[in-house]
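Input: a single structure, listed below in structure tokens.
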Amino acid sequence: MFLIPKPVGKFFHRMASPPYFYDFTGRLIPWLSWIFLFLVIAGLYGGLVLAPADYQQGDSFRIIYIHVPSAWMSLFVYVVMAIAGGIGLIWRIKLAEIVAISSASVGAGFTFIALVTGSLWGKPMWGTWWVWDARLTSELILLFLYLGVIGLYGAIDDKRTASRAVAILALVGVVNIPIIHYSVEWWNTLHQGPTVTKMDKPSIHISMLWPLLVMAVAFKFYYVIAMLQRARTELVVRERNSQWVKLLLESK
Amino acid sequence: MALLRAFIAIIRRDLILAFRRRAEMLNPILFFIIVVTLFPLGVGAQPQLLQSIAPGIIWVSALLAAMLSLDGLFRSDFDDGSLEQLLLSPHPTSILILGKIIAHWLVTGLPLILVAPLLAEFLGMHTDALIILLKTLILGTPVLSLVGAIGVALTVGLRRGGMILSLLVLPLYVPVLIFASNAVEMASGGLPVDAQINILLAMLCLALVLAPLPASAALKMSVS
């Protein structure tokens with residue numbers, strides 16, 4: 001522990017206590033929500049109004065301001081889930097377990113949004129809702145991995161045991177995601193070669209890029225807000241017999 | 001060498017148990033044959049068509065057969081309590097579980113490889129492709145057993161683990177399916193398939209080393 005500065009260590013120790021976590025996140029969420037609102041309005045205004053239309057794709061390229069950040073988040077959240085699950089597995093920190101499982105449904109949501117917006121974009125651009133493109137396929141498999149995590153958590157009655165099961169599964173998934181991703185990519189290139197699906201990547205113009213980056217940060221904030229709200233609910237449900245939850249309910 | 005003895009004892013015990021219930025051993029093979037038979041009935045019996053989708057049919061069927069046979073890996077041991085004894089033993093659990101997985105593969109994976117030539121003949125596959133098919137099955141089915149063991153270990157404590165098991169395990173089987181059926185397809189076109197075979201071999205090595213660890217962690221969780 002000598003590598004970690006004392007205040008940071010102390011912060012984590014206090015965050016591991018459920019009442020403190022509940023209280024602290026309750027005060028944090030309004031702040032995060034304001035920052036998220038500011039960023040998302042700025043990003044959407046920049047993306048939908050200020051950025052020029054693409055010379056090939058016209059206005060339909062603007063869906064990337066939703067599509068690309070959610071695709072990034074879908075992978076990011078899986079890694080966060082696995083790390084939180086690993087922490088929960090090793091140090092048996094209740095809150096890490098809760099963060100892991102609360103991330104799963106948010107991540108599945110991001111994956112689903114990425115798939116839906118991708119196919120909405122694909123219809124006018126490629127002329128079809130779905131192609132067996134490498135990225136689409138690996139995103140679909142990622143969705144299955146998320147659903148497996150959620151399904152396994154729901155199937156086990158004892159939630160502490162369920163959290164450990166989910167953590168093991170998430171860690172196995174993290175090892176597998178690169179293998180799945182590259183195998184799918186290889187499968188696809190061997191089958192048909194990059195023809196329709198290859199997005200030629202001209203270096204994106206700065207006026208189109210900054211709204212995308214702002215949206216990416218906004219999505220990070222959204223994830224933290226959504227995850228914390230789920231985590232708070234989950235925490236209260238799990239700790240319903242403890243003194244602090246009873247006091248909390250009485251004070252409401 | 002006590003560990004080696006325990007390892008061999010586990011394999012021996014599981015093989016004996018399997019041979020005492022020979023009827024159950026046949027089920028995955030029958031399932032494999034029936035599923036492959038269903039495909040010509042479903043898609044039509046044009047030899048050209050069957051030949052082109054034969055690698056996919058055989059591999060998808062083998063994958064499903066392997067998955068359905070997984071449930072037997074820990075089920076009876078879990079029910080009669082010998083799994084707890086296994087976890088209590090002084091030897092590393094992951095090695096003992098590896099023994100169980102190997103025994104399970106010998107009982108369920110190996111027969112699939114033995115009947116595969118017959119099915120390949122049904123679907124009109126070339127001899128070159130058949131040899132590659134056998135190679136991919138030899139390298140691929142152990143990976144299915146190893147990765148599947150993690151899924152079973154996670155769900156063995158559940159009363160209705162079957163559906164959830166397929167949801168957990170099938171996405172993880174994707175790389176094996178891709179490389180194996182692709183190798184067979186390439187081979188029937190007369191192309192070299194060294195790359196695919198090497199990658200399957202790499203996956204087997206990786207799974208052999210890594211898969212028993214989460215499987216033993218998951219078993220400890222399921223039993224506690």
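Computed quantities for the displayed model
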{"item": "Those residues of region A:144-165 which are more than 9 Å from chain B (Cβ to nearest Cβ) and crowded, with 22+ Cβ neighbours inside 10 Å, in sequence order", "result": "A:TYR146, A:SER163"}
{"item": "Among residues of region B:154-176, those that are free of Cβ contacts under 8 Å to residues at least 60 places away in the same chain and either farther than 30 Å from B:ASP79 by Cβ or within 7 Å of chain A (Cβ to nearest Cβ) (or both), counted", "result": "8"}
{"item": "Residue in region A:174-182 that is crowded, with 16+ Cβ neighbours inside 10 Å, in a helix (DSSP H, G or I), within 14 Å of chain B (Cβ to nearest Cβ) and modelled with pLDDT under 85 present", "result": "yes"}
{"item": "Within region B:22-37, considering residues that are surrounded by 12 or more Cβ atoms within 10 Å (Cβ to Cβ) and within 23 Å of B:PHE78 (Cβ to Cβ), the one nearest to the chain's Cα centre (by Cα)", "result": "B:PRO28"}
{"item": "Qualifying residue in region B:126-141 (condition: assigned to a loop (DSSP other than H, G, I, E, B) and away from chain A (no Cβ under 12 Å))", "result": "yes"}
{"item": "Positions within region B:112-122 being in contact with a Phe, Trp or Tyr (Cβ under 9 Å, 6 or more places away or on another chain) and either closer than 12 Å to B:LEU73 by Cβ or open to solvent by less than 20 Å² (accessible area, probe 1.4 Å) (or both), in sequence order", "result": "B:LEU112, B:ALA116, B:LEU119"}
{"item": "Candidates B:GLY157, B:GLY151 - the one that is not aliphatic (A, V, I, L, M) and not in a helix (DSSP H, G or I)", "result": "B:GLY157"}
{"item": "Residues of region A:51-70 satisfying the condition of being part of a helix (DSSP H, G or I) and open to solvent by 30 Å² or more (accessible area, probe 1.4 Å)", "result": "A:ASP59, A:SER60, A:ARG62, A:ILE63, A:ILE64, A:ILE66, A:HIS67, A:VAL68"}
{"item": "Helices (runs of 4 or more DSSP H) wholly inside region B:1-97 that include at least 2 residues being of a type in the set (Asp, Glu)", "result": "B:75-80"}
{"item": "The one condition in (1) within 11 Å of chain A (Cβ to nearest Cβ); (2) surrounded by fewer than 18 Cβ atoms within 10 Å (Cβ to Cβ) that B:PHE179 fails to fulfil", "result": "(2)"}
{"item": "Failed item, numbered, when A:GLU97 is tested on (1) away from every other protein chain (no Cβ under 14 Å); (2) open to solvent by less than 20 Å² (accessible area, probe 1.4 Å); (3) touching a residue at least 24 places away in the same chain (Cβ under 8 Å)", "result": "(1)"}
{"item": "Given (1) closer than 30 Å to B:SER224 by Cβ; (2) open to solvent by less than 20 Å² (accessible area, probe 1.4 Å), index of the condition B:SER61 fails", "result": "(1)"}
{"item": "Where B:ALA54 falls short, out of the listed (1) open to solvent by 60 Å² or more (accessible area, probe 1.4 Å); (2) in contact (Cβ under 8 Å) with a residue 40 or more places away in the chain", "result": "(1)"}
{"item": "Count - residues of region A:25-48 that are among the aromatic types (Phe, Trp, Tyr) and surrounded by 15 or more Cβ atoms within 10 Å (Cβ to Cβ)", "result": "1"}
{"item": "Some residue of region B:38-48 being surrounded by 15 or more Cβ atoms within 10 Å (Cβ to Cβ) and polar (S, T, N, Q)", "result": "no"}
{"item": "Residue list for region B:190-224, restricted to those being away from chain A (no Cβ under 11 Å) and either open to solvent by 20 Å² or more (accessible area, probe 1.4 Å) or on the phi > 0 side of the Ramachandran plot (or both)", "result": "B:GLY190, B:PRO192, B:ASP194, B:ILE197, B:ASN198, B:LEU201, B:LEU204, B:CYS205, B:LEU208, B:VAL209"}
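Residue-by-condition table, conditions (1) surrounded by fewer than 23 Cβ atoms within 10 Å (Cβ to Cβ); (2) more than 9 Å from every other protein chain (Cβ to nearest Cβ); (3) in contact (Cβ under 8 Å) with a residue 60 or more places away in the chain; (4) in contact with a Gly (Cβ under 8 Å, 6 or more places away or on another chain):
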| position | (1), (2), (3), (4) |
| --- | --- |
| A:ALA108 | yes, yes, no, no |
| A:ALA114 | no, yes, no, no |
| A:TRP132 | yes, yes, no, no |
| A:LEU171 | yes, no, yes, yes |
| A:GLU185 | yes, yes, no, no |
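Yes/no per residue for (1) hydrophobic (A, V, I, L, M, F, W, C); (2) over 23 Å from A:LEU209 (Cα atoms):
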| site | (1), (2) |
| --- | --- |
| A:ARG14 | no, yes |
| A:TYR20 | no, yes |
| A:PRO30 | no, yes |
| A:PHE38 | yes, no |
| A:LEU50 | yes, no |
| A:ASP59 | no, no |
| A:SER70 | no, no |
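The values are calculated or read from the model by the stated rules, or taken from the named source; none is laboratory data. Just so we're clear, the structure is a prediction, and the values are computed from it rather than from any experiment. FYI the Cβ positions are ideal-geometry reconstructions off the backbone, even for glycines, and counts take in every protein chain you see. Accessible surface is based on the protein model in full, side chains and every heavy atom, while ligands, DNA and RNA are left aside. Shrake-Rupley method; radii C 1.70, N 1.55, O 1.52, S 1.80 Å.
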